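The structure under discussion appears below in the form of structure tokens.
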């Protein structure tokens, strides 16, 4: 239980931070490697799917992969992507 509820999401978050680092440096191939590893660790994470789709719609230019990842994010939505506090 600790492996699936603690270790895998933690490792996914570490890979996600690597993705952010390499995106900010403009090294898109390295960023792609990190975000795909984050998805391997935590495949149901909506945010990782959306970040990967954004990468494939932008610098990586693979619209088929982007579409698949967007569909996956919509179907596996688990509430981790929210707009923040309401201003109403």
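Computed values, structure above
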item	result
Subset of region 26-59 [buried (at least 18 other Cβ atoms within 10 Å of the Cβ) and over 22 Å from residue 8 (Cα atoms)]	55, 56
Single residue of region 11-64 satisfying the filter (closer than 16 Å to residue 77 by Cα and not in a helix (DSSP H, G or I)) that is nearest to the chain's Cα centre (by Cα)	45
Number of the condition not met by residue 7 [criteria: (1) at pLDDT 90 or above; (2) surrounded by fewer than 16 Cβ atoms within 10 Å (Cβ to Cβ); (3) in contact with a helix residue (DSSP H, G or I) (Cβ under 7 Å, 6 or more places away or on another chain)]	(3)
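The values are calculated or read from the model by the stated rules, or taken from the named source; none is laboratory data. These numbers were taken from a predicted model, which means no experiment stands behind them. Cβ: placed from backbone, ideal geometry, glycine included. Neighbour counts: every protein chain shown.
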